[in-house]
Structure formats: C-alpha cells, structure tokens
Amino acid sequence: MAFDLTPLIRPSFIRRFSRTRAWADEGERIQTRLLRDLVIEGSSTHIGKVHGFDFLTEGVRDDDPSDRALRNLYQEFRNRIPPTEYEDIRPLVMRMINGEADLLWPGVCRDFAQSSGTSGGRSKYIPVTRDSLRHNHYAGSADCVASYLNLNPNSRMFSGKGFILGGSFATQLEVKDPKVRIGDLSATLISRIPFGAGLFRIPDKKTALMPDWESKLPALAKSAARANVTNISGVPSWFLTVIQRICEIRGTETISEVWPNLEVFFHGGISFAPYRDIYRTLTNPEKMHFLETYNASEGFFAVQDDFSDPGMLLLIDNGIFYEFLPLTGGNPLPMWEVSEGEVYELVITSCNGLWRYRLGDTVRIESLSPLKITIAGRTRSFINAFGEELMEDNAEKGIAEACARTGARIRNYTAAPRYAEGNRRGRHQWAIEWEQRPESVDEFAVILDGALRRLNSDYDAKRSHTIFLDPPQIISVPPGTFDRWLHSVGTHKLGGQRKVPRLSNDRHIIEQLLELR
C-alpha cells in the first residue's frame, strides 16, 4: 500500500476551511473590504483613472475602515461604473495582448484564457493575471480540496495522484510576442502550477498540454492506466471518454478496477445530472464521492461543501466581488441584498481586471447564510421561439429525470426549435448521442416532455392541448457525432474545457450536427 501523506497535509486544509464558518455573519464586511482592496489596486490603471478610483477610496485606505465608509464606497462604485460585457472591453484586452501595461489591472499580463463559453460569437480572451492565479484560481482549488477533506475525514487522497484533465494553448489568434500565451484556462493553470502541487498530479506537463487531441487522448490514457489515481478533476463529458479508453486498455468494466483507490471526482463546467448514473456504474459506490465546483475562465467562484446539498458555497474572500443582476432588469445587487430562491445573472469585479463584468451565467440563490448557489444556465442558452422560455436548468433536470426513469444514459445532447411548416405546429428537436439507449426513445420523449411541463409553466402553457407546440422530437445521432462537430468548428474547442451548447434559439448548431450523422 502506498504511503499516505493525507494525515500530514489534512490539518492545514482543515484550518483553511475553518474561515468559512464566519461567512454567514460577516459576508458584507468581507466583500466590501475586498472591493476596497480591488479599487485601491486598480487606481493606477487606465480604467481606474477613467472612473476616478482615487476619489472612491478616500476615507477607506486605513487598516480598519468603518462599515459605513465601506458601504459608501460600494454605493459610489456602483454609481460610477456601469455593468459591462466583453465587447465593451475587447479593445483594451487586445491592447493588453499586444503588451500594453496598466490597462485593466496593474502591470503586463502574459496569460489569457480563451473562453469556450457558448454565449457569444467571437472567442473571448480573459486576462489571467498573477494576482488572479494566486488569490483566486489556485486559492479556489485549495478551497475545493479543503471542502472535500472536511467532508471526508477518512480520505486517503494524498496516498496517490490526482488526474487533472486540461486543454492546451491552441488558439486561432495570431500573437507576435512569444511570452504571451493564449489557450484554455486549464492549460495556464497546469503550466503555472506550483512545484509542490505538481508532485501530486498526472499527467506530466508535456502530455497535459498537447494540442492535438487525437494523439493526446491515447497518451493521456496510457500515462494514467498504470497510475495510482485517487482523485480526478475535469468536465464530466470529456473525462468519460478518457475513462472509457483506459478501461479498454486494461480490459476492465469499471475504472475502480484500474484505480482501486479512486475516491473523489471534482467536476464542473457542465451539469453533472445526466452523467451521475454513468459515473456511479464506473466507480466503486462505497468509496466514490462527487464534488461540484464552479470554475470558469473568469474565476473560481464556488464549491460544494455538503455531499447531500447541491448548493455551492460562494467563495467570498478569493479576489472577487460579486453582484447579482435580476433577470427582470434593474441594478445589480450585492450579496447581502439578494433573495433566496431567485435567479440572477452573475456580475463580478475581480483581480484579473474585470470590473462589474456580466458573466453571462445565471445562478439560483439556494441559501443566504452563508450564501450558496446553483448554476441555472446561460443568459443566452435558452429556447424561446414560441414564448415557452425554456432555460438550460429546465433541460438538465428534464433529461436527468427521463434518464432515471428509462435507464438511459446520455453522452451529449443539444436542442433547438423546429418551426411550424404547413399544417404542422412548431416543436423542439433534441439531438441526442446515447451512452445507453433507452428501450423506447418515444417513451423517453414523453417523460422528458412531462418533466419540462412540470418544471416550466410557460412551456406547459404552450404545450397545453398541443394547441401551440407539438411534443418534442428526439433524433438519435451516432457515437462520435458531437466530437466531429467540435472538430468542425475548431480544434481549440476540444479538451478539458469544451462545452456543447445545450439549448439554442435557432437551428444553426443542430443543423451542423445533423449533417455529420
């Protein structure tokens, strides 16, 4: 049996996690002090001079500013800086890529995360500053481990290796400066990982950062097939492909036969609900744990802190000030003014130079003390072709219910409207790549439709008596169809951070997929 370092390492992580106990009562002060620090740090930048950050921080530069002064700082900050979207800052980011300093954040930024999000057209290049690496991304990763070790006192996580699945620095953007690196966030995190942390992970950097996934996949599987892996981290859909390749190499039915000490999957990027049953069949249920994280190109935001509670604890002291924009419009709200059960668009101010930045993600407030959230979806990932306002969260829950009731397992899916033609009413069309096909795809469609009607009153109204909207149609696509589509739209979208748009309000993506059948 491998020597277990967990008992030696665990106490420091438990101490780290203990600070979260104060968040229920001190959230406002923690966040406003953090905002004060961000504004002071940004006062020397172009954006700071445009918005008068020096003026904002008058009276709060002492070590222990009053709560009233901090509230006034926030109010003035909110009045001076409007919420922004990526296109508002794209010109400044491109100047940063070309080497210009002190624009959005002090100094020169050399690393940029090419966003694989689905909300916009052109790729986004998110600055990854040294401060964001130190205070947010790596700090969030440490909080993730701390949360797990707090939940599992019997963990032997550090008796083996962590298998971190990441992307590469492949990019379509031409960059003149060889010191500037653009690619998946995971590639930057792997390339910059501190030496000590690198001792506990696989694969090696050379393999992890390979840009060609057709050669990278077998290399990943080969490097991990004989390793003592205790924990894995990545996007569920892509990790499933790697796990299945490793099982083929070793001739096993489950990955726990290959990695008997595997105990936790730190997952994020997409909903885990459609994949939960698949992973349960591939792992040892007596030992395996699943912990959700909310880690995006723009920052590490939240981590699950209770196996029985899907809500994720918002990380309020890791370099990000949070606001929440009501979907009905109006001004963004700070965390101490949100309402439990409501859905908001997330707005962040962070140490990577994003100031009141509209992320494009929507979150549901699950609890207030401390603040916990779940991801509701994307602001632009929806179907509202017939007034049904179907959101990504509805789709994920409906798919999960249909899978549970039919025994089906799904590798990937996307949905789009099919508009009325002739005497036929409009309907939703779902392209699904099965891991385990149900006995009856028609029954699966009926269950999915019923679940969506219960989850969404607008959808239910449009489906009522089939007056406005016909039942959904499911088109089964062959294995590998979604991978071929990802290749067709650019290999830079492949890898640990790749995401398939779940819902589209037009037929552009689904038509491309159906052509590849």
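The values are calculated or read from the model by the stated rules, or taken from the named source; none is laboratory data. This is a predicted model, so every value here is computed, not measured. FYI the Cβ positions are ideal-geometry reconstructions off the backbone, even for glycines, and counts take in every protein chain you see. Ligands, DNA and RNA are excluded from the accessible area calculation, which covers all protein heavy atoms including side chains. Shrake-Rupley method; radii C 1.70, N 1.55, O 1.52, S 1.80 Å.
Can you name every residue in the range 248-263 that is outside any loop (DSSP other than H, G, I, E, B) and either among the hydroxyl-bearing types (Ser, Thr, Tyr) or within 15 Å of Asp277 (Cα to Cα) (or both)?
Once the filter is applied, which keeps residues that are outside any loop (DSSP other than H, G, I, E, B) and either among the hydroxyl-bearing types (Ser, Thr, Tyr) or within 15 Å of Asp277 (Cα to Cα) (or both), the range 248-263 yields Ile255, Ser256.
Look at the range 208-251 and say how many of its residues are of a type in the set (Ser, Thr, Tyr), under 26 Å from Asp4 (Cα atoms) and surrounded by fewer than 20 Cβ atoms within 10 Å (Cβ to Cβ).
So the answer is 1.
Would you pick out the residues in the range 463-473 that are hydrophobic (A, V, I, L, M, F, W, C) and surrounded by fewer than 19 Cβ atoms within 10 Å (Cβ to Cβ)?
Correct list: Ile467, Phe468.
With Glu392, Glu388, Glu342, Glu396 as the choices, which residue is acidic (Asp, Glu) and either modelled with pLDDT of 95 or more or open to solvent by 40 Å² or more (accessible area, probe 1.4 Å) (or both)?
Only one candidate qualifies: Glu342.
Can you run down the residue pairs with Cβ atoms below 8 Å, 6 or more apart or on separate chains, where the first is in the range 307-320 and under 16 Å from Pro334 (Cβ atoms) and the partner is in a strand (DSSP E or B) and aromatic (Phe, Trp, Tyr)?
Going by the 8 Å Cβ cut-off, the qualifying pairs are Leu314/Phe301; Leu314/Tyr322; Leu315/Phe300; Leu315/Phe301; Ile316/Tyr322; Ile320/Phe301.
Quick check on Asn136: is it open to solvent by 40 Å² or more (accessible area, probe 1.4 Å) and modelled with pLDDT of 85 or more?
It is false that Asn136 is open to solvent by 40 Å² or more (accessible area, probe 1.4 Å) and modelled with pLDDT of 85 or more.
I'd like to know if the range 57-72 contains one or more residues that are under 27 Å from Ser147 (Cβ atoms), open to solvent by 40 Å² or more (accessible area, probe 1.4 Å) and not polar (S, T, N, Q).
No, there is no match, as no residue in the range 57-72 is under 27 Å from Ser147 (Cβ atoms), open to solvent by 40 Å² or more (accessible area, probe 1.4 Å) and not polar (S, T, N, Q).
Mind checking which residues of the range 73-120 are of a type in the set (Ser, Thr, Tyr), within 27 Å of the chain's Cα centre (by Cα) and either more than 23 Å from Ser168 (Cβ to Cβ) or buried (at least 21 other Cβ atoms within 10 Å of the Cβ) (or both)?
Matches in the range 73-120: Thr84, Tyr86, Ser115, Ser116.
Can you name every one of the helices (runs of 4 or more DSSP H) wholly within the range 1-91 that holds 1 or more residues which are among the hydroxyl-bearing types (Ser, Thr, Tyr) and in contact (Cβ under 8 Å) with a residue 12 or more places away in the chain?
Once the helices (runs of 4 or more DSSP H) in the range 1-91 are filtered for at least 1 residues that are among the hydroxyl-bearing types (Ser, Thr, Tyr) and in contact (Cβ under 8 Å) with a residue 12 or more places away in the chain, what remains is 6-18, 23-42, 67-80.
Between residues in the range 151-172 that are modelled with pLDDT of 95 or more and residues that are of a type outside the set (A, V, I, L, M, F, W, C) and assigned to a loop (DSSP other than H, G, I, E, B), which pairs lie under 6 Å by C-beta distance while being six or more apart or on different chains?
Within 6 Å, the pairs are Arg156/Asp4; Ser159/Asp4; Gly160/Asn228; Gly160/Asn261.
Among the residues of the range 280-301, is any touching a residue at least 24 places away in the same chain (Cβ under 8 Å), open to solvent by less than 50 Å² (accessible area, probe 1.4 Å) and farther than 23 Å from Ala142 by Cβ?
Looking for residues that are touching a residue at least 24 places away in the same chain (Cβ under 8 Å), open to solvent by less than 50 Å² (accessible area, probe 1.4 Å) and farther than 23 Å from Ala142 by Cβ, one finds at least one in the range 280-301, hence yes.
Can you name every residue in the range 346-370 that is open to solvent by 10 Å² or more (accessible area, probe 1.4 Å) and either more than 19 Å from Gln75 (Cα to Cα) or over 17 Å from the mean Cα position of the chain (by Cα) (or both)?
Trp355, Asp361, Arg364, Glu366, Ser367, Leu368, Ser369, Pro370
Within the range 488-517, take every residue that is part of a loop (DSSP other than H, G, I, E, B) and open to solvent by 30 Å² or more (accessible area, probe 1.4 Å) and give me the one that is modelled with the lowest pLDDT.
Out of the qualifying residues, it is Gln497.
Six or more apart or on different chains, Cβ atoms under 8 Å: show the pairs whose first residue is in the range 453-482 and assigned to a loop (DSSP other than H, G, I, E, B) and whose second is polar (S, T, N, Q) and surrounded by 15 or more Cβ atoms within 10 Å (Cβ to Cβ).
Asn456/Asn394; Pro472/Gln429
For the range 22-56, which residues satisfy the criterion of being open to solvent by 40 Å² or more (accessible area, probe 1.4 Å) and more than 17 Å from Cys351 (Cβ to Cβ)?
Across the range 22-56, the qualifying residues are Asp25, Glu26, Glu28, Arg29, Lys49, Val50, Asp54, Phe55.
From Gly426, Gly480, Gly407, Gly450, grab the single residue that is open to solvent by less than 30 Å² (accessible area, probe 1.4 Å) and on the phi > 0 side of the Ramachandran plot.
Answer to the selection: Gly480.
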